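The values are calculated or read from the model by the stated rules, or taken from the named source; none is laboratory data. In this text the structure is predicted, and so the values were computed from the model without any measurement. So basically every Cβ, Gly included, is an ideal-geometry build from the backbone, and we count neighbours across all protein chains shown.
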Amino acid sequence: MIYNRIALIGLGLIAGSIGLAVRKRGLAGETTGSASTAKSREIARNRGLVDHVCKTNAEAVAGADLVILCVPVGVMDAVAAEIAPHLAEGATVTDVGSVKRAVIDAVAPHMPGYVEFVPGHPIAGTENSGPDAGFAALFENRWFLMTPTESTSEAAVARLQDFWEGMGALVARMDPDHHDRVLAVTSHVPHLIAYTMVGVADDLRRVTNQEVVNFSAAGFRDFTRIAASDPTMWRDVFLNNRQATLEILGRFTEEIFALQRAIRRGDGEHLFNHFSRTRNIRRGIIDAGQDTAEPNFGRSAGGL
Ligand code: NAP
């Protein structure tokens, strides 16, 4: 047991997975949680995501020595303001938001001096959201990035690290701005590209009469999985990581124009060299144990 009482604000995919993992691994004396709608609170209660489902965020954080903000990035400010007067002395407040600089700017000013704030981001998720989506194994062998501020005590950071390692995660520390640039490359812009491609295919479908759906091969299907991700969460990611995503999108646009020119000019060497380089990146991800080497992610059927 690492904390006596853990409060989860929000009871969606990430909070639900934390709640189930905490119980399975005995990491807390008890857990509380709150969500904005009665429906989500009821599902959370039925699934046993936490020990006590509370009606208000203030009720959930009372007496907690760890509070985890598991809400969309766009409401972090309002939630932090709401819970601040109810936080216990000596409590650690952390979050799981996909963007770090904007969350720090939104949450830190509300935190009383007697509370430790340790921002963080688990690099784990699925395209599903809500209180039905969580599962205890979500964080196993996945990274949790901590972006502590200068005022955070080392003891609070170390304890939070023990907690995430207790859930089976790998933990690293990172500067928040660096985090936002890295995630723009590895997650945010890829999601935008998937959203774009699926939108283009949907427009074409009107012309080609169901062909896009009927002959949906693995490449496109992988895009559709990513493009099914929660619209609120992803709207907030782009609104709050504007600078880094625009920078990476600029580079992406340059690169796609270079590939476009190579296709037009019949420059097979350019295409082959580019595809060889990217194939090696996939190998690196598999070697780092962050994905399966099985063809087509181990799915039984599917073409290219
Ligand atoms: P989610 O499944 O949509 O859950 C969000 C939860 O927040 C819902 O339970 C929602 O309640 C609750 N909520 C919204 N406003 C609230 C408020 N004012 N007070 C209390 N609860 C409130 O989202 P998620 O995927 O778990 O994402 C949560 C956070 O984790 C986001 O910041 C996201 O950026 C980050 N994250 C997501 C992933 C991913 O792949 N999904 C990965 C890493 C990090 P209702 O259900 O009642 O509306």
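All but one of (1) surrounded by fewer than 17 Cβ atoms within 10 Å (Cβ to Cβ); (2) among the charged types (D, E, K, R); (3) more than 11 Å from the ligand (Cβ to nearest atom) hold for Arg101; which doesn't?
Single failed check for Arg101: (1).
Can you give me the number of residues within segment 57-73 that are near the ligand (Cβ under 9 Å from one of its atoms) and over 18 Å from the mean Cα position of the chain (by Cα)? Outline the logic, then answer.
Going residue by residue through segment 57-73, those that are near the ligand (Cβ under 9 Å from one of its atoms) are 57, 60, 69-73.
With over 18 Å from the mean Cα position of the chain (by Cα) added as a condition, the list becomes 57, 60.
Going through segment 57-73 one residue at a time, the tally reaches 2.
How many residues does segment 252-276 contain that are surrounded by 13 or more Cβ atoms within 10 Å (Cβ to Cβ) and under 26 Å from the mean Cα position of the chain (by Cα)?
Residues flagged as surrounded by 13 or more Cβ atoms within 10 Å (Cβ to Cβ) and under 26 Å from the mean Cα position of the chain (by Cα) within segment 252-276 amount to 1.
Select from segment 137-162 the residues that are among the polar types (S, T, N, Q), part of a loop (DSSP other than H, G, I, E, B) and without any contact (Cβ under 8 Å) to a residue 60 or more places away in the chain and write down the one among them that is surrounded by the most Cβ atoms within 10 Å (Cβ to Cβ). Before you say what the answer is, go through the steps one by one.
Looking only at segment 137-162, we keep the residues that are among the polar types (S, T, N, Q), and these are 141, 147, 149, 151-153, 161.
Retained after the next criterion (residues that are part of a loop (DSSP other than H, G, I, E, B)): 141, 147, 149, 151-153.
Then keep just the ones that are without any contact (Cβ under 8 Å) to a residue 60 or more places away in the chain; that gives 147, 149, 151-153.
Working: Thr147: 23, Thr149: 13, Ser151: 10, Thr152: 19, Ser153: 12.
Per the stated criteria, the residue is Thr147.
Being over 30 Å from Ala44 (Cα atoms), buried (at least 17 other Cβ atoms within 10 Å of the Cβ) and either under 23 Å from the mean Cα position of the chain (by Cα) or not assigned by TED's automatic domain parsing to the domain that holds Leu69 (or both), is that true of even one residue in segment 199-215?
There is at least one residue in segment 199-215 that is over 30 Å from Ala44 (Cα atoms), buried (at least 17 other Cβ atoms within 10 Å of the Cβ) and either under 23 Å from the mean Cα position of the chain (by Cα) or not assigned by TED's automatic domain parsing to the domain that holds Leu69 (or both).
Given the conditions (1) assigned to a loop (DSSP other than H, G, I, E, B); (2) farther than 27 Å from Trp143 by Cβ, which single one is not true for His270?
(1)
Taking segment 59-86 as the region of interest, how many residues are farther than 26 Å from Arg181 by Cβ, surrounded by fewer than 24 Cβ atoms within 10 Å (Cβ to Cβ) and aliphatic (A, V, I, L, M)? Spell out how you get there, then give the answer.
Filtering segment 59-86 for residues farther than 26 Å from Arg181 by Cβ gives 59-67, 78, 81-86.
Now narrow it down to the ones that are surrounded by fewer than 24 Cβ atoms within 10 Å (Cβ to Cβ): 59, 62-63, 65, 78, 81-82, 84-86.
So of that shortlist, the ones also aliphatic (A, V, I, L, M) come out as 62, 78, 81, 84.
The number of residues fulfilling the criteria is 4.
Is it the case that Asn296 is at positive phi and assigned to a helix (DSSP H, G or I)?
Values: at positive phi: yes; assigned to a helix (DSSP H, G or I): yes.
Considered against the rule, which asks whether it is at positive phi and assigned to a helix (DSSP H, G or I), Asn296 comes out as yes.
Could you list all residues from segment 15-35 that are touching a strand residue (DSSP E or B) at 6+ places or on another chain (Cβ under 7 Å) and within 16 Å of the ligand (Cβ to nearest atom)?
If the condition is that a residue be touching a strand residue (DSSP E or B) at 6+ places or on another chain (Cβ under 7 Å) and within 16 Å of the ligand (Cβ to nearest atom), then Ala15, Ile18, Gly19, Val22, Thr31, Thr32, Gly33, Ser34 are the ones that fit.
Can you work out which of the residues in segment 36-51 that are under 23 Å from Arg159 (Cβ atoms) and surrounded by 24 or more Cβ atoms within 10 Å (Cβ to Cβ) is nearest to the ligand (Cβ to nearest atom)?
Here is the first cut: in segment 36-51, the ones under 23 Å from Arg159 (Cβ atoms) are 49-51.
Still in the running and surrounded by 24 or more Cβ atoms within 10 Å (Cβ to Cβ): 49-50.
Working: Leu49: 10, Val50: 12 Å.
Ranking the qualifying residues of segment 36-51, first place goes to Leu49.
Of the residues that sit in segment 109-129 and are surrounded by fewer than 17 Cβ atoms within 10 Å (Cβ to Cβ) and within 16 Å of the ligand (Cβ to nearest atom), which one is nearest to Thr224 (Cα to Cα)?
Taking segment 109-129 first, the residues surrounded by fewer than 17 Cβ atoms within 10 Å (Cβ to Cβ) are 109, 112-114, 126-128.
Checking which are within 16 Å of the ligand (Cβ to nearest atom) leaves us with 126-128.
Working: Thr126: 13, Glu127: 10, Asn128: 12 Å.
The qualifying residue nearest to Thr224 (Cα to Cα) is Glu127.
For residues that are aliphatic (A, V, I, L, M) and within 11 Å of the ligand (Cβ to nearest atom), scanning just segment 74-91, find the one that is farthest from Gly113 (Cα to Cα). Outline the logic, then answer.
Of segment 74-91, the ones aliphatic (A, V, I, L, M) are 75-76, 78-81, 83-84, 87-88, 91.
Subset that is within 11 Å of the ligand (Cβ to nearest atom): 75-76, 78-81, 83.
Values: Val75: 22, Met76: 19, Ala78: 19, Val79: 18, Ala80: 14, Ala81: 14, Ile83: 14 Å.
In this case the residue turns out to be Val75.
Is it the case, given these coordinates, that Gly134 is in a loop (DSSP other than H, G, I, E, B) and not polar (S, T, N, Q)?
So Gly134 passes the test.
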